[in-house]
1. Which ordering of Val163, Val226, Val68 is given by a fewest-first count of other beta-carbon atoms within 10 Å?
2. Out of all DSSP beta bridges with both ends in region 19-230, state the antiparallel percent to the nearest 5.
3. Only four residue types carry charge here, +1 at the Cβ of Lys and Arg and -1 at the Cβ of Asp and Glu. Report the dipole size of region 328-418 about the Cα centre in Debye, rounded to the nearest 20.
4. By DSSP, what percent of the beta bridges with both residues in the chain are antiparallel, rounded to the nearest 5?
5. Per the helix-only calculation at 222 nm, which mean residue ellipticity applies to the chain, given -39500 (n - 2.57) for every DSSP H run of n ≥ 4 and division by its residues, nearest 500 deg cm²/dmol?
6. Where nothing but the Cβ of Lys and Arg (+1) and of Asp and Glu (-1) is charged, how large is the charge dipole of the chain around its Cα centre, in debye to the nearest 20?
7. Past 25 Å, Cα to Cα, is the threshold; run Lys250/Lys325; Lys134/Lys250; Lys64/Lys241; Lys47/Lys241; Lys8/Lys134 against it and keep the listed order.
8. Around His165, under 13 Å between beta carbons, what's the net of Lys plus Arg minus Asp minus Glu among the other residues?
Amino acid sequence: MSDRPLTKNIDLARGPLSLRDYEAAGGYRGAKSVAGLHPNEVLERVKESGLKGRGGAGFPTGLKWSFVPQGPESEQQKYLVVNADEMEPGTFKDRLLMEGDPHLLIEGMIIAAYTIGANKAFIFLRGEYVLAEKRLARAIAEAKEAGHLGTNLFGTGYDLDIVLHTSAGRYICGEETALLNALEGKRANPRAKPPFPQVSGLWGKPTIVNNVETLCNLPGILANGVEWYQSLGSGGDYGTKMFGVSGRVKKPGCWELPFGVSIREVIEGHAGGMQEGYSLKAFLPGGGSTDFLTPEHLDTPLTYSAIGELGSRLATGTMILLDDKTCPVGMIGNLMRFFAHESCGFCTPCRDGLPWVDAIFRDLECGKGSAKDIAILHDHVGYMGPGKTFCALAPGATAPLGSGLKLFAEEFEQHLVHGACPYL
């Protein structure tokens, strides 16, 4: 049994395995095992495994599934939706999985859909992922031809159809209810909750939305067992995680590693450390919408709780590094520009606040800023914080903003003193 269940079949030079080669490597063994299990038994195994959502929130997957109404009195039409929109800055883990091993995702979808009783599943794919679309479409066709999709899967009497939907692409579609609106052909605005999608989701039917990496964990859990899966991680989080690094390192990339590995091991070991002439100033541990951490945190284990105790979030597990020769004000301003552009405009703090923040950063960069502007930025961290907006887009944007204002107060001040960016 591999200690890299997500990436054991991935060879970027070779390309993805065909269905026959995927099965020869043990593929679809997990999906076929459900033939002898009741959906509730599968659900209990997923719960026992401790699998958490890999899209950013880290919510227990089995618990999320358990909210879907079951039994003869419940709604019979249910949906499974894969969030493959992946637009978090610095994040490219799902792309690697879909391009490198598309059958792994399809197998995970079969297991999840069977468990919740969904006969229809959708892959909501980021429009720019052209190669992933091509490889997923081919893998779906292979699975249908082999009888792994369609009617009476593996002799269970269970039917499943998978639809690959290429999205127009907006960051807001990472929020599951905005994704569902987009999938229905509506404007991608978040919905009020409750009701939650598990009860009333796609077209008003019970729906589970899971991230790509989350579902790719299921085949290993079903094929190899709960104890094997739990043996792969540590620190209260089980299994492996796709960790990535971007920035001025020698070998930027993405690696499957066990939970509990230290930040230092990922940056200095797998990513090769900083490039010559550069040193690490700070980093975002889980994509663009997380709080900055500093070199003093390098020996922290990569688990949800350990990163949370430092005041940040593990989120997608893809680190964005800030070096000592890059302006932190410029880096944060670039993120604010992105978040302002991607706001759906549904609520006032996000719609008006983020463009205001973006405008202030533009003024700071060109020498038009003032001390009053810094105070306004601090105010916006409160205005757009958790609980102040309709969804988590603006609170996510305030994570690098708020932590950056604290960590880089001197750099902000230098922009006022010099009348421009001192790094230029």
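The numbers here are math on the coordinates, done by the rules we state, and not lab data. If you're wondering where the values come from, they're calculated on a predicted model, not measured in any experiment. Cβ placement follows ideal geometry from the backbone for every residue including glycine, while neighbour counts extend to all protein chains displayed.
1. Numbers: Val163 12, Val226 18, Val68 24.
Final ranking by Cβ density, sparse to dense: Val163, Val226, Val68.
2. Values: 2 of 19 bridges.
Taking every DSSP beta bridge within region 19-230, about 10 percent pair in antiparallel fashion.
3. Working: 7 positive and 10 negative charges, 44 e Å.
Here the size comes out at about 220 debye.
4. Working: 15 of 36 bridges.
Around 40 percent of the beta bridges assigned by DSSP in the chain are antiparallel ones.
5. Numbers: 17 runs with 168 residues, N = 424.
Taken over the chain, the calculation gives -11500 deg cm²/dmol.
6. Working: 41 positive and 48 negative charges, 132 e Å.
Taking the Cα centre of the chain as origin, the dipole is about 640 debye.
7. Values: Lys250/Lys325 16 Å; Lys134/Lys250 31 Å; Lys64/Lys241 19 Å; Lys47/Lys241 18 Å; Lys8/Lys134 21 Å.
Beyond 25 Å between Cα atoms: Lys134/Lys250.
8. Details: positive: Lys120, Arg126; negative: Asp85, Glu133, Asp161, Glu184.
Net charge around His165: -2.
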